[in-house]
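Engineer: Submitted below is the structure of interest, expressed as structure tokens.
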Ligand SMILES: [Zn+2]
């Protein structure tokens, strides 16, 4: 820690624990934000930016909270008293907020998550929570879609799982090719949703029925 650059910084930012092995400290993370501000061409010590490294690191704690959470645990509690319910359970239009792992900018969209239970069901909010845990990590949409479907499939062992995600990638809309209004659609179908065309058709019919359903709430 003898570099000139670091010795210019406030004392608390220089006091790094000896064993800062795996995860950097908050101070190191704030220092990295200061560096990026300087790289962008601004002065991290001017009034408007003085609190920015702290705010960015706090925002990152929210954006990337999914690394601390276990999606398998979320699905652990299931219910078996379903009176023989054996139709599709679908959670439609779940708001999706994630970050692309190539540019660390937002991926914003919606997800539809369905499964066909085999005796066991979960509380429906748990399906949205599983999506949220994986979304709060650095992602590509294809992997996110597969992770959500695979986890539900592995833990609940239903007759099938279907996940469709439609999202806009800010790395495409605000930089690079600058193509706003484009959404990317990914899907992962497992079990009966993959093997039985009628079940898959029913699912796709349900998700495309947005706005014309029984409940416009
Ligand atoms: Zn990207």
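Each value in this text was obtained by applying a stated rule to the coordinates, not by laboratory testing. Computed from a predicted structure; not experimentally measured. Quick reminder, even Gly has a Cβ in these numbers, built from the backbone with ideal geometry, and neighbours come from all protein chains shown.
Engineer: How far is helix 52-63 tilted off the main Cα axis of the chain, in degrees rounded to 10, range 0 to 90?
Structural biologist: Once rounded, one gets 20 degrees.
Engineer: With springs only between Cα atoms under 10 Å, which of 89, 163, 133 fluctuates most in a Gaussian network model of the chain?
Structural biologist: Evaluated over the chain, the most mobile residue of the options is 89.
Engineer: Relative contact order for the chain using alpha-carbon pairs under 8 Å, separation at least 6, rounded to a whole percent?
Structural biologist: Relative contact order comes out at 16 percent.
Engineer: With the radius of gyration and the Kirkwood radius both derived from the Cα set of the stretch 80-207, what is their ratio Rg to Rh?
Structural biologist: 1.01
Engineer: Let me ask another. Just how far, in whole angstrom, is the stretch 94-112 from the stretch 23-39 if you go by their alpha carbon centroids?
Structural biologist: That distance is 23 Å.
Engineer: What is the calculated FRET efficiency for residue 138 to residue 79, with r their C-beta to C-beta distance and R₀ = 25 Å, to the nearest 0.05?
Structural biologist: Taking R0 as 25 Å, the efficiency between residue 138 and residue 79 is 0.15.
Engineer: If you build a Gaussian network model of the chain, linking Cα atoms that sit under 10 Å apart, which residue out of 86, 43, 70 swings the most?
Structural biologist: Maximum fluctuation in the GNM of the chain, among the listed residues, is at 43.
Engineer: Semi-axes, largest first, in whole Å: what does sqrt of 5 times each Cα gyration tensor eigenvalue give for the stretch 26-111?
Structural biologist: With the √(5λ) rule applied to the stretch 26-111, the semi-axes are 42, 15, 10 Å.
Engineer: How large are Rg and Dmax for the chain when calculated on the C-alpha trace, in angstrom?
Structural biologist: 21.9, 70
Engineer: Connecting C-alpha atoms closer than 10 Å in a GNM of the chain, tell me which of 205, 181, 41 has the biggest fluctuation.
Structural biologist: It is 41.
Engineer: In whole Å, what three semi-axes, largest first, describe the equivalent ellipsoid of the stretch 86-131 built from its Cα gyration tensor (square root of 5 times each eigenvalue)?
Structural biologist: Ellipsoid half-lengths, sorted descending, are 27, 10, 8 Å.
Engineer: Roughly what % antiparallel, to the nearest 5, for the DSSP beta bridges in the chain?
Structural biologist: For the chain, the DSSP antiparallel bridge percentage is about 95.
Engineer: Can I ask one more? Evaluate the Kirkwood expression for the hydrodynamic radius of the stretch 25-75, namely the inverse of the mean inverse distance over all pairs of different C-alpha atoms, and round to one decimal in Å.
Structural biologist: Every distinct Cα pair counted, the radius reaches 12.3 Å.
Engineer: Turning to a different aspect of this structure: Using a basic spin-label model with each label point 7 Å from the Cα along Cα→Cβ, how many nm lie between residue 43 and residue 92?
Structural biologist: In this crude spin-label approximation the distance works out to 5.6 nm.
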